Amino acid sequence: MPSALPAGDPVPPDGALPQAALAALGDRPFGLYVHVPFCTVRCGYCDFNTYTAEELGGAGTAPGASRTTYARAAIAEVRRARRVLGDRDLPVSTVFFGGGTPTLLPPADLVAVVTVIRDEFGLVPGAEVTTEANPDSVSLADLERLRTGGLNRISFGVQSAVDHVLRTLDRTHDPLRVPGVVADARAAGFEQVSLDLIYGTPGETMADWAVSLEAALACAPDHVSAYSLIVEDGTALARRVRRGELPMPDDDDLADKYALADERLTAAGLGWYEVSNWARNEAARCRHNLLYWTGGDWWGVGPGAHSHVGGVRWWNVKHPAAYADRLAAGLSPAHAREVLDPESRRVERVLLELRLRDGLATEVLDRGGRAAVPGLAGRGLLVEDGERLVLTRAGRLLADAAVRDLLP
Ligand SMILES: C[S@@+](CC[C@H](N)C(=O)[O-])C[C@H]1O[C@@H](n2cnc3c(N)ncnc32)[C@H](O)[C@@H]1O
Ligand code: SF4
């Protein structure tokens with residue numbers, strides 16, 4: 001979620017969508033993202049739309065501006081979504097609570113949101129219902145309440161198993177407690193457990209990264225996301241890099257660490273299905289993220305959340321108080337929107353689908369893009385798999401360069 005919202009076009013006060021956007025709704029999977037914008041501390045590298053209690057001090061008393069009243073505002077937006085989308089049959093395939101730290105809310109609040117989603121839309125049989133969690137933000141009792149309340153997938157932000165790396169990232173959890181919290185999630189009945197890792201933190205050696213990968217694998221996760229550290233403008237990390245206190249992550253080091261991750265995760269039975277994501281099997285892939293990457297429809301609930309329905313993309317006001325004020329006044333919390341033209345949708349498909357193991361359908365390319373394929377294949381960056389183009393490991397490291405050639 002970018003720190004500054006793009007300008008976009010205005011949204012009608014009731015958030016109504018053009019009929020053309022609603023026409024094919026239900027033909028593709030439909031999901032709900034629920035953004036929970038609260039954290040105990042702000043990690044120095046993070047520019048997500050999240051607030052500590054201190055940052056929210058004096059933010060107003062509107063419901064949603066504080067942790068205790070947030071669920072009420074989120075539920076109001078779910079009900080509003082149902083009205084905007086009409087009474088067509090639209091069961092939800094995936095729900096994803098992201099943050100921020102969703103598990104800072106009482107489990108009953110997350111469960112209440114799931115319950116209202118189920119009441120308003122219905123859930124498809126076997127729907128995937130995920131929450132992100134920081135390893136030190138949940139107890140066994142919390143996990144049991146979440147599981148009983150309908151959540152079945154959990155994604156822990158582990159990042160690293162090495163103390164000095166976690167300190168540089170401002171992470172607060174004790175890495176030795178991660179296996180215990182994963183075991184608690186299993187004991188509570190979570191069917192899918194995912195771990196998030198970050199590589200390339202200043203000061204992290206190759207040996208440190210290997211330790212983190214082994215520690216993650218020792219937890220026997222169903223799914224791992226491994227992201228290279230991005231130094232986001234405006235963060236404390238970026239200021240430290242600019243002052244020369246920390247070095248900028250080095251591209252060659254990042255490439256070596258990606259290659260090690262892919263080797264170790266693959267050897268442990270986790271196959272890549274998106275450039276930064278590995279899963280134990282097809283059922284362990286994150287269906288919610290796949291919906292983003294394959295042009296599905298989703299409604300993003302919460303401050304700053306982004307949505308996409310039938311080629312219309314919109315994003316909510318960022319601050320929790322402004323968000324809650326809008327809903328309390330009976331208005332759409334959307335800040336602005338854009339209607340994607342066919343060419344933008346095509347470009348987006350190339351950008352996203354090329355990153356998938358399932359590959360990019362060659363038919364999406366224009367003549368110039370198709371002409372670039374033999375060169376990329378010759379350089380060992382992609383292979384043609386039937387009518388689809390699939391990146392090799394070398395290609396995954398140079399995905400952006402490959403995209404530039406395919407979108408001349
Ligand atoms: C924004 S967090 C939200 C979940 C939870 N609060 C946590 O920190 O794990 C989701 C994931 O985004 C990734 N992330 C956030 N900022 C990043 C950055 N600057 N570079 C790379 N990954 C980042 C981390 O892997 C993190 O697990
Ligand atoms: S806990 Fe997660 S969302 Fe919160 S500041 Fe840290 S990385 Fe960002």
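Structure values in brief
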read-out	value
Inter-label distance for residue 251 and residue 148, nm, one decimal - labels placed 7 Å from Cα along Cα-to-Cβ	5.4 nm
Residue 38 long-range amide H proximity, modeled H, under 5 Å	51, 101
Solvent-accessible area of residue 339 with every protein chain in place, 1.4 Å probe, in Å² to the nearest 10	90 Å²
Three semi-axes of the equivalent ellipsoid, the chain, Cα gyration tensor, whole Å, largest first	31, 28, 21
Surface accessible to a 1.4 Å probe, per residue, for the residues of the stretch 54-155, Å²	39 Å²
Average Cα contact separation per residue, the stretch 177-236, under 8 Å, 6 or more apart, as relative contact order %	46 percent
Computed accessible area, residue 123, all protein chains, 1.4 angstrom probe, square angstrom	50 Å²
Within the chain, longest stretch clear of exposed trypsin sites (Lys or Arg not before Pro) (DSSP loop, no more than 15 other Cβ within 10 Å)	89-242
Sequence-distant residues sharing a close amide H with residue 129 (under 5 Å, placed H)	95, 152, 153
Residue order for 52, 68 - accessible surface, 1.4 angstrom probe, largest first	68, 52
Relative contact order computed over the chain (Cα-Cα under 8 Å; 6+ residues apart), in percent	19 percent
3J(HN,Hα) from dihedral phi, the stretch 124-130, Karplus parametrisation 6.51/-1.76/1.60, rounded to Hz, x for glycine, proline	5, x, x, 3, 8, 10, 10
Alpha-carbon centroids, the stretch 372-396 and the stretch 75-139: separation in whole Å	38 Å
3J(HN,Hα) from dihedral phi, the stretch 292-300, Karplus parametrisation 6.51/-1.76/1.60, rounded to Hz, x for glycine, proline	4, 7, 10, x, x, 9, 8, 10, x
Using θ = phi - 60° and Karplus 6.51 cos²θ - 1.76 cosθ + 1.60, couplings along the stretch 349-363 (whole Hz; Gly, Pro as x)	4, 4, 4, 7, 6, 5, 7, 8, 4, 5, x, 9, 5, 4, 5
Accessible-area composition of the stretch 209-257, carbon plus sulfur, in percent [1.4 Å probe]	50 percent
The stretch 348-387 - percent of accessible surface contributed by carbon and sulfur, probe 1.4 Å	48 percent
Positive dipole terminus of the stretch 226-361, leading residue within 261, 246, 322 (C-beta point charges)	322
Å² of accessible area per residue within the stretch 307-383, as computed with a 1.4 Å probe and no ligands counted	44 Å²
Net charge of neighbours whose Cβ lies under 11 Å from the Cβ of residue 177, counting Lys and Arg as +1 and Asp and Glu as -1	-3
Accessible area in square angstrom per residue, the stretch 168-240, 1.4 angstrom probe	39 Å²
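The values are calculated or read from the model by the stated rules, or taken from the named source; none is laboratory data. Computed from a predicted model, the values in this text were never measured in an experiment. FYI the Cβ positions are ideal-geometry reconstructions off the backbone, even for glycines, and counts take in every protein chain you see. For accessibility, only protein heavy atoms count, side chains too; no ligands or nucleic acids. Shrake-Rupley method; radii C 1.70, N 1.55, O 1.52, S 1.80 Å.
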